[in-house]
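A short write-up of the structure that comes next.
Please treat every number below as a calculation from the coordinates, not as lab data. These numbers come from a predicted model, not from an experiment. Reconstructed Cβ throughout: ideal geometry from the backbone, glycine too, with neighbour counts over all protein chains shown.
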C-alpha cells in the first residue's frame with residue numbers, strides 16, 4: 001500500500017512540476033550579470049526537464065561578449081527558449097536582436113519594437129578614424145554573418161537583420177510578424193502560454209511545443225545579482241568611484257577616522273568591478289588617477305589648495321572623457337558628472353580648509369599657547385601668597401594674582417614654571 005501511495009505522490013508531483021514554465025526577466029542592459037542570470041536559470045530548467053523557458057526581454061542592448069555567451073547557449077539549449085519582448089513600450093534593440101534570433105520562438109507585445117542592431121565602436125579611444133572605421137566594418141560583417149546563420153537555423157527572415165545592423169532599422173511588432181522576424185504577438189504571459197500550446201517551430205516546423213495547463217514560474221534575480229546588475233550602470237559605478245576617492249581623501253586628511261576609509265575602500269572596489277567590465281576611455285582613467293594623486297599629495301605637502309584645484313580640474317576632465325565615444329547605454333550622463341564633481345570638490349575643499357585652519361591655529365599647550373588665554377578663578381587668592389587656582393580650557397592651573405575672587409575672569413600675562421601670572425580681565 002505504501003509503495004502505491006509513493007508512486008501516486010511522485011506522479012502527482014511530476015505532473016504538477018511538468019506544468020511549470022520558468023519565466024526570467026531582463027529589464028536593462030545585457031552584461032555579465034544579466035547573461036549569467038539567464039544561463040543559470042536555463043541550466044536549472046534543463047535539469048528540471050521543463051517544457052520550455054520564457055525570457056521576458058526589454059533591453060537597449062549590451063556588451064557583445066555577454067551577447068555571444070547567451071546566443072551560443074540558446075542555440076545549444078536542450079529545451080525550447082522563448083524570447084518575449086514585453087511589456088508595451090519595451091524593445092529588443094542591438095544585442096536584443098541577436099538574442100531573439102538565437103531563440104527557438106520569438107514573441108512580442110503590441111506596442112513594442114525590435115532592431116537598431118548596428119555595432120558600436122567601444123575601442124576605448126586611441127585609434128585613428130580610418131582604423132576605427134575599418135574595424136567597425138569588420139565587426140558589422142561578422143555580425144551580419146552571425147545573425148544570418150541563426151536565422152537559417154531557426155527558420156526566420158535572414159535578410160532583415162542586415163538592415164537592422166547596417167542601417168540601424170527598427171520595426172514594430174506587427175511589422176516584425178509580417179516580415180517573419182518573430183513568430184507570435186501576445187498581450188501578456190497568459191496569452192503567450194495559450195498560443196504556445198501546440199505551436200510548431202524550427203526551420204521546418206517539425207517541432208511542436210506541448211503545454212497542457214501551463215503555469216508561469218517567475219524566477220527573479222537573486223539579491224546579489226540585482227545588486228551587481230545595479231552597479232554595472234555606468235552612472236552608479238561613476239558615483240561609487242567618486243565616493244571612494246572622497247572617502248580615501250578624508251581618511252588621509254584625518255587619519256584614524258576609519259569610517260571614511262572603510263566606505264571609500266569598499267566604494268572604489270565596487271567601482272573597479274564595474275569599470276573592468278564596462279568600456280572606458282584610458283585617457284579619462286589616467287586623469288582621474290592624477291586627481292587622486294594630487295589630492296593625496298595635498299594631504300602630505302599642503303599647498304593651501306593649489307594641488308586640490310588641479311585635482312578638481314583633472315577629475316572633471318577625466319569624468320567627461322571616461323566614457324566618451326560610448327553609446328548612451330554605457331555613457332555617464334553629464335547631469336550626473338557635474339553635481340557629483342561639484343559635491344566632491346566642496347567636500348575636499350571643506351576638509352582642506354579645516355586642515356589649514358588647524359595648522360595655523362594657535363596651540364593651547366605650552367607657554368606661547370597659554371599667554372593671552374582667558375580663564376575663571378576657581379579658588380580665592382590668599383592675601384599673603386596671592387596664590388589661586390584658575391580654570392583654562394577645562395584644566396586647573398596654579399596661578400598668582402591680586403584680589404581675585406571665585407568666578408572672576410582673568411587673562412594669563414606670563415608663565416613662571418608651572419605657575420600662571422594672571423590679572424583680572
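For the stretch 136-185, the square roots of the Cα gyration tensor eigenvalues, ordered a ≥ b ≥ c, give a/c of at least 1.5 with a/b no greater than b/c, which places it in the oblate category. The long axis of helix 259-275 is offset from the longest Cα principal axis of the chain by roughly 30 degrees. As a proxy for reagent exposure, ranking 317, 168 by other Cβ atoms within 10 Å from fewest up yields 168, 317. Among 101, 201, a tally of other beta-carbon atoms within 10 Å of each Cβ gives an order, fewest to most, of 201, 101.
When shorter helices are ignored and each DSSP H run of at least 4 residues is given -39500 (n - 2.57), the per-residue value for the chain at 222 nm works out to -16500 deg cm²/dmol.
Students often get this wrong, so try it: which of [x] 21.4, 71; [y] 23.5, 75; [z] 34.7, 119 is Rg and Dmax of the Cα atoms in Å as calculated from the structure shown? From the options [x] 21.4, 71; [y] 23.5, 75; [z] 34.7, 119, the structure gives [z]. Exposure proxy shown here: for 148, 44, 213, the number of other Cβ atoms within 10 Å sets the order, fewest to most, as 213, 44, 148.
Mean-square fluctuations from a GNM of the chain, with a 10 angstrom spring cutoff on Cα atoms, peak among 305, 61, 264 at 305.
Restricting attention to the chain, close to 45% of DSSP beta bridges with both partner residues there are antiparallel. What FRET efficiency comes out for the pair residue 188/residue 276, r = Cβ-Cβ distance, R0 = 41 Å, nearest 0.05? Efficiency, rounded to the nearest 0.05: 0.60. What the Cβ-Cβ distance of residue 334 and residue 215 gives, at R0 = 51 Å and to the nearest 0.05, is a FRET efficiency of 0.65.
Take the alpha carbon atoms of the stretch 213-272, find their center, do the same for the stretch 275-342, and report the distance between the two centers in whole angstrom. Taking the Cα centre of each part, the stretch 213-272 and the stretch 275-342 sit 18 Å apart. May I ask you to derive the FRET efficiency for residue 163 and residue 269 from their Cβ-Cβ distance with R0 = 51 Å, giving the value to the nearest 0.05? The pair residue 163/residue 269 has a calculated efficiency of 0.75.
Need the full-extension length gain, residue 395 to residue 27, defined as separation in residues times 0.36 nm minus the C-alpha distance. One decimal, nm. Kindly include the intermediate steps, with their values, before the conclusion.
Values: separation 368, 0.36 × 368 = 132.48 nm, distance 6.41 nm.
Net length gain for the segment: 126.1 nm.
Panel note: the C-alpha atoms of the stretch 157-239, placed on their principal axes, show extents of 50, 41, 22 Å (largest first). In this simple spin-label model, placing a label point 7 Å from the Cα along the Cα-to-Cβ direction at both residue 320 and residue 136 gives a separation of 2.2 nm.
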